[in-house]
Amino acid sequence: MRIIDRINEHIAAGEPFFSFEYFPPKTDAGLNNLYGRMDRMIDLGPTFVDVTWGAGGSTSDQTLAISATAQEFFGIDVLMHLTCTNMTVDRLDAALDAAYAAGIRNILALRGDAPQGAAAWERVEGGFSYAYQLVEHIRARFGDSMCVGVAGYPEGHLEAADRESCTDYLKHKVDCGADFVITQLLFDVDEYLAFLGRCERRGIDCPVIPGMLPIQNYSRFKKMATFTKVSVPDSVAAALEPIKQDDAQVREYGVDLCVEMSRRLLEYGAPGLHFYTLNLEWSVARIVDALGLRADDVAERSLPWRSTDDPSRGGEDVRPIFWSNRPESYLARTANWDDFPNGRWGDRRSPSYGTLNEYYLMRRGIRLAARDAVEQVYGEPERVEDVFQVFARFCAGEIDSLPWVDGGLQGETQLISHELVALNANGYLTINSQPQVNGVASSHPELGWGGAGGVCYQKAYIEMFLSPERLQRFLAIVAEFPSLTYQAVNVAGDAQFNVPPNSVNAVTWGIFPGKEIIQPTVVEFQSFMIWKEEAFAIWKQQWGDFYETGSRARAVLDEIHDSYYLLNIVENDFIRGDLFAAFRRLDALEHDTATAVADSSA
Ligand code: FAD
């Protein structure tokens, strides 16, 4: 959607909005972290996010990839920055077309800075000299289907003769078709207010959004203030001086300052706030909370899983639970699916059901990120017990990645992390789970979803890899727990289950005023069999294959891949059920067996 339309809706409703800026990280591990952060920060309710364009186009591929991912998978409108530095019109067109094809309808049109090492900015042969030419070009090429923002400088651009001429040039950019202005970062509210006055006098009547930089670190703040030559009020400099060595205090001060400035800005005419996040979450989340701007206190999630704003998927309201930790993979696989009649499944066995390869293409860098994690976080397992520890540490929050889970541990999973740590340390390698819920308000921060005034329910669910011996013991006792249903399969396709092969079990549902009961997450046999391929492949492609052929670590992971079963269990009694009771029973059984063996050999 065009951001200007969303901004205007906010202005018409008298509701301030906010947005977050991100830059492409240098490493693939950083990229993976950024996605996790963006995912959480988008839950705060920004109206849009934007992704910077590296100086001289140095990050163009990443800017495009991050913008496309955020747009498609996080369901948020993205403003992609684009600069003229080192860009011929042909290259600009290629970037614009790629963005358009990825569903991006918002561009921040910039001239750009001189590349590192260059003394002054220079137009490239066949390129533009000023941002206004890029604005004109986008308008000519895309008409009103693209929304265009531009940069504004309350204290004047570094190269501008004075503030008045700078405002004249801004007016020209707006006349060429810019829809809104985002300002250079500022620490002096009075400078913004004076700028608004100048804009008004020059007839610039589009929204002018102040750029806010929460101070998070003294030396970085100094560097940025010096580089941009923005003024720092004496009171700010004086407050920072005695605490400048203490990062934690600087960060706290940065939050307080930003909150105070934001209140004044909003009170005196700023339509919203633009946060230069520097890819950091802590300060911005606190500022948004302190200002009372966090997305309403009704439901924070519209569905229990991350939906997309791809219009062709708009009617989708049900998904299998297996991909709940890998939403992008799920979307890739089902991108060309036949359809979702009434939000229900089409033919799961359709040949258009995506292959795993599509997923890797979509999340470029994920394999490299996995390799970083393998080297730095997972170490070199020598025994299967070392692998158990990796899983247990993930559930305990000691490490923030696991190959099966995009992003960290989900909020609701943390509610049962104690049980999960114990299970994993004992060799039940869990990759997905949810606690049971017998009716919570849809506004609940971890468990709520859907519209206002709803009540949400879910059945306890767990999915894990376990050894064939363990599976046999589980099968031997499962009849003692009649409210459990399960499906298990190994890599060779040997399947064990106590559900009909065509069954669909709703494990999340919600009741909302004036609506049918919504059942957005299901456990379903056919898609489990398809998910199984991906789940087993991850052992090799995102973990084992990174070790040397013939190494001990690779052998350990191959052993698990080749012999373990993937098991999912649903506790259907969402009122009195206890999913973990079966595992306590198994523990007791194993303990008795071990004792008997010890006794007989004594
Ligand atoms: P312009 O508006 O073209 O102005 C450039 C200079 O030319 C100014 O001095 C201006 O006064 C002058 N000028 C403008 N029009 C005329 C004219 N008709 N005749 C004569 N002089 C004129 N940089 C990046 O590399 N990547 C980013 O992602 C990025 N994001 C940014 C986001 C924001 C919100 C802001 C404020 C800046 C961002 N920048 C980014 C920095 C920006 O590229 C630089 O500040 C750059 O020097 C100016 O870009 P501009 O689009 O404002 O240029």
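Odds and ends about this structure:
- Each residue in region 10-34 was checked for being open to solvent by 60 Å² or more (accessible area, probe 1.4 Å), acidic (Asp, Glu) and within 14 Å of Glu281 (Cα to Cα), and 0 of them qualify.
- Residue that is surrounded by the fewest Cβ atoms within 10 Å (Cβ to Cβ), among those in region 76-87 that are within 16 Å of the ligand (Cβ to nearest atom) and within 23 Å of Gly272 (Cα to Cα): His81
- Contacts under 7 angstrom Cβ, first residue in region 156-174 being on the phi > 0 side of the Ramachandran plot, partner modelled with pLDDT under 95, 6 or more apart: Gly156/Asp162; Gly156/Arg163
- If you check Ser417, Ser350 for being under 22 Å from Lys532 (Cα atoms) and either open to solvent by less than 30 Å² (accessible area, probe 1.4 Å) or modelled with pLDDT of 60 or more (or both), only one passes: Ser350.
- Residue check, Ser58 over 30 Å from Asp406 (Cβ atoms), open to solvent by 30 Å² or more (accessible area, probe 1.4 Å), within 12 Å of the ligand (Cβ to nearest atom) and in contact (Cβ under 8 Å) with a residue 40 or more places away in the chain: no
- Pick from region 183-207, criterion within 11 Å of the ligand (Cβ to nearest atom) and open to solvent by less than 10 Å² (accessible area, probe 1.4 Å), ranking: nearest to Ala109 (Cα to Cα): Thr183
- Per the conditions (1) assigned to a helix (DSSP H, G or I); (2) more than 16 Å from the ligand (Cβ to nearest atom), the sole criterion not satisfied by Leu265 is (2).
- Within region 229-245, one or more residues are within 13 Å of the ligand (Cβ to nearest atom) and either among the hydrophobic types (A, V, I, L, M, F, W, C) or closer than 25 Å to Met80 by Cβ (or both).
- Any chance Gly254 is surrounded by 15 or more Cβ atoms within 10 Å (Cβ to Cβ) and under 25 Å from Ala285 (Cα atoms): yes
- Just so you know, in region 123-179 the residues that are aromatic (Phe, Trp, Tyr) and within 31 Å of the chain's Cα centre (by Cα) include one that is nearest to Gly103 (Cα to Cα), and it is Phe142.
- Top-ranked residue of region 64-75 - restricted to ones that are hydrophobic (A, V, I, L, M, F, W, C), open to solvent by less than 10 Å² (accessible area, probe 1.4 Å) and more than 13 Å from the ligand (Cβ to nearest atom), ranked as nearest to Asn33 (Cα to Cα): Ala70
- Residues in region 432-443 that are part of a loop (DSSP other than H, G, I, E, B), of a type outside the set (Ser, Thr, Tyr) and either surrounded by fewer than 16 Cβ atoms within 10 Å (Cβ to Cβ) or in contact (Cβ under 8 Å) with a residue 60 or more places away in the chain (or both): 1 in all.
- Of the residues making up region 131-161, those that are over 15 Å from Val181 (Cβ atoms), at pLDDT 95 or above and within 12 Å of the ligand (Cβ to nearest atom) are Gln133, Glu136.
- Yes/no for Asp400 being under 28 Å from Ser551 (Cβ atoms) and either of a type in the set (A, V, I, L, M) or modelled with pLDDT of 75 or more (or both): yes
Residue-wise test of (1) crowded, with 21+ Cβ neighbours inside 10 Å; (2) in contact (Cβ under 8 Å) with a residue 24 or more places away in the chain.
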{"position": "Gly451", "(1), (2)": "no, yes"}
{"position": "Ala460", "(1), (2)": "yes, yes"}
{"position": "Glu524", "(1), (2)": "yes, yes"}
{"position": "Thr549", "(1), (2)": "no, no"}
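- Flag if Gly103 is open to solvent by less than 40 Å² (accessible area, probe 1.4 Å), in contact (Cβ under 8 Å) with a residue 24 or more places away in the chain, of a type in the set (Gly, Ala, Ser) and more than 13 Å from the ligand (Cβ to nearest atom): yes
- When Arg91 is tested against (1) over 29 Å from Leu447 (Cα atoms); (2) away from the ligand (no atom under 13 Å from the Cβ); (3) in a loop (DSSP other than H, G, I, E, B), exactly one condition is not met: (3).
- The set of residues in region 43-55 being surrounded by 18 or more Cβ atoms within 10 Å (Cβ to Cβ) and away from the ligand (no atom under 16 Å from the Cβ) consists of Leu44 alone.
- Scanning region 392-414 for residues that are among the small types (Gly, Ala, Ser), open to solvent by 10 Å² or more (accessible area, probe 1.4 Å) and either within 15 Å of Val377 (Cα to Cα) or over 15 Å from the mean Cα position of the chain (by Cα) (or both) returns Ala396, Gly397, Ser401, Gly407, Gly408.
The values are calculated or read from the model by the stated rules, or taken from the named source; none is laboratory data. No experiment lies behind these values; they were computed from the predicted model shown. Glycine also receives a Cβ, built like all others from the backbone with ideal geometry; neighbour counts cover every protein chain displayed. Accessible surface is based on the protein model in full, side chains and every heavy atom, while ligands, DNA and RNA are left aside. Shrake-Rupley method; radii C 1.70, N 1.55, O 1.52, S 1.80 Å.
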